[in-house]
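Student: Got a structure for you, questions after.
The values are calculated or read from the model by the stated rules, or taken from the named source; none is laboratory data. Everything numeric here is computed off the predicted structure, so don't read it as measured data. Please note: Cβ atoms are built from the backbone with ideal geometry, for glycine as well, and neighbour counts cover all protein chains shown. SASA here: full protein model, heavy atoms, side chains in, ligands and nucleic acids out. Shrake-Rupley method; radii C 1.70, N 1.55, O 1.52, S 1.80 Å.
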Amino acid sequence: MKKFVAILLTLMLVLGVSAAVAEGTSLPDATFKKVYAQEGGTAPAATFTFTAVPAGSGDGATGNGPALTISNVEATGANTYTAKITPDDEFPTVGKYYYNVSETQGDVAGITYDASALYLMVLVTNGDNGTLVPSYYLYTNNDMLAKQDTFTNTYKAGTLKVSKTVTGNLGDKTKYFEFTVTLTGEADKTYGAAYTVSGGSYANNPQEVTIVAGEKKEYTFMLKDSDTISIANLPYGVTYTVTETAADGYTTTKSGDTGSINAAETTAAFTNSKTGTIDTGVTTESLPYVVLMGFVVLAGAALLLKRKAHNN
């Protein structure tokens with residue numbers, strides 16, 4: 001009786017899943033791809049996890065199969081990785097078993113996690129010596145019209161730049177001006193250990209700053225004319241505010257001094273201007289006296305020249 005059932009199921013499978021199998025081969029070695037991409041920054045190390053939940057009903061479903069374990073992807077940076085599917089127990093018989101496969105939504109700042117819910121069919125057939133052989137097929141959804149073998153995550157980050165320009169006839173281009181940069185991380189996100197600051201007063205000695213989820217962190221920098229500091233690899237979603245300590249006699253114009261990191265490069269630009277009339281010590285009130293003194297000096301000089309000529 002068992003042999004008859006097995007033969008019957010095999011015939012049903014051949015007829016029922018031929019269209020699905022014709023679409024392509026099964027997942028090689030029961031693995032699918034994890035693509036970890038990066039935009040505007042350098043992707044940090046991250047762990048990606050997946051779950052497979054029995055879908056129950058499906059086209060010609062045999063029933064619920066054993067639980068499936070999907071290996072974690074330990075990504076060291078942007079690259080293509082693989083995750084392996086392993087049944088926790090033997091499949092009970094030949095047939096078709098269905099699962100919903102999804103990626104756990106992680107909390108690493110800057111990473112867009114794949115929200116796909118792929119549809120997994122496990123086709124179990126008879127192998128040599130009566131062993132059961134599972135083959136794995138992933139689809140975009142349960143209509144099984146389009147195959148999919150990849151989950152994609154993208155790390156997005158940008159560089160925050162703070163620039164200084166000094167103008168005006170009294171502007172001191174060698175003077176350093178003080179700036180405070182406030183960085184705030186998104187709540188419930190995980191941030192890297194540090195982010196590098198370069199340029200400005202740190203041109204020859206790069207520094208590091210940290211970001212904490214949901215907290216404001218302040219850092220002070222010094223900039224003079226034509227200087228720019230850069231804070232690199234800030235994850236998208238980090239908010240910032242840049243303020244300048246007021247300097248006597250200078251007027252300040254600014255742009256981009258507050259906002260959120262959402263592009264490969266963001267710039268907060270500051271211009272300090274100082275203009276005025278240079279005091280030469282001569283005013284309109286003292287001018288008549290200056291002219292009179294000039295006549296006295298000229299008269300004295302003429303008298304000396306006359307005496308010298310007379311003596312000769």
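Student: Please calculate how many Å² of accessible area the stretch 205-279 carries per residue, with a 1.4 Å probe and no DNA, RNA or ligand atoms counted. Kindly include the intermediate steps, with their values, before the conclusion.
Tutor: Values: 4050 Å² over 75 residues.
Result: 54 Å² of accessible area for each residue.
Student: Give me a comma-separated list of calculated 3J(HN,Hα) values for the stretch 205-216, in order, Karplus coefficients 6.51, -1.76, 1.60 applied at θ = phi - 60°, integers in Hz, x for any Gly or Pro.
Tutor: Running phi through 6.51 cos²θ - 1.76 cosθ + 1.60 with θ = phi - 60° gives 8, x, 10, 10, 10, 10, 10, 10, 4, x, 10, 8 Hz.
Student: Within a Cβ distance under 15 Å of LYS161, other residues only, what is the Lys/Arg minus Asp/Glu net charge? Don't skip to the answer; put the middle values down first.
Tutor: Details: positive: LYS164, LYS254; negative: ASP227, GLU244, ASP257, GLU265.
Cβ neighbours under 15 Å give a net charge of -2.
Student: Round to the nearest 10 and report in Å² the accessible area of VAL242, as given by a 1.4 Å probe over the protein chains' heavy atoms.
Tutor: 0
Student: Here is a follow-up. For LYS175, which sequence-distant residues (separation of 5 or more, or a different chain) have an amide H within less than 5 Å of its own amide H, given hydrogens modelled in the peptide plane?
Tutor: ASP225
Student: What does the charge count near ALA55 come to, summing +1 for each Lys or Arg and -1 for each Asp or Glu among other residues with Cβ under 14 Å from its Cβ? Don't jump to the answer; show the numbers that get you there.
Tutor: On the way: positive: LYS96; negative: ASP59, ASP143.
Taking every Cβ under 14 Å from that of ALA55, the sum is -1.
Student: What is the packing order of peptides 251-259, 42-50, taking the mean over residues of other C-beta atoms within 10 Å and listing the highest first? All intermediate terms of the calculation are to be shown ahead of the outcome.
Tutor: Numbers: 251-259: 13.7, 42-50: 17.2.
The most tightly packed comes first, giving 42-50, 251-259.
Student: Cross-link candidates for LYS33: which aspartates and glutamates have Cα within less than 14 Å, leaving aside residues fewer than 8 places away along the same chain?
Tutor: The reachable aspartates and glutamates, counting only those whose Cα sits under 14 Å from LYS33, are GLU74, GLU103, ASP114, ASP149.
Student: Given a 1.4 Å probe and heavy atoms of the protein chains only, how would you sort LYS33, LYS96, largest accessible area at the top? Intermediate results must be reported in sequence, preceding the final value.
Tutor: Numbers: LYS33 95, LYS96 10 Å².
Sorted by accessible area, descending: LYS33, LYS96.
Student: Around PHE177, what is the net charge, scoring Lys/Arg as +1 and Asp/Glu as -1 over all other residues with Cβ under 14 Å from its Cβ? Working shown, then result.
Tutor: Values: positive: LYS164, LYS173, LYS175, LYS224, LYS254, LYS274; negative: ASP172, GLU178, ASP225, ASP227, GLU244, ASP248, ASP257.
Net charge in that neighbourhood comes out at -1.
Student: Quick one: 3J(HN,Hα) in Hz for the stretch 170-184, Karplus 6.51/-1.76/1.60 with θ = phi - 60°, rounded, Gly and Pro as x.
Tutor: These are the phi-based 3J(HN,Hα) values: 10, x, 8, 7, 9, 6, 8, 10, 8, 10, 10, 10, 10, 10, 10 Hz.
Student: For GLU39, GLU103, GLU186, give me the order by solvent-accessible area with a 1.4 Å probe, most accessible first, ignoring ligands, DNA and RNA. Don't jump to the answer; show the numbers that get you there.
Tutor: Working: GLU39 90, GLU103 10, GLU186 70 Å².
Sorted descending by solvent-accessible area, the residues read GLU39, GLU186, GLU103.
Student: Related question: List the residues, sorted by chain then number, that are 5 or more residues from ALA263 or on another chain and whose placed amide H is less than 5 Å from its amide H.
Tutor: none
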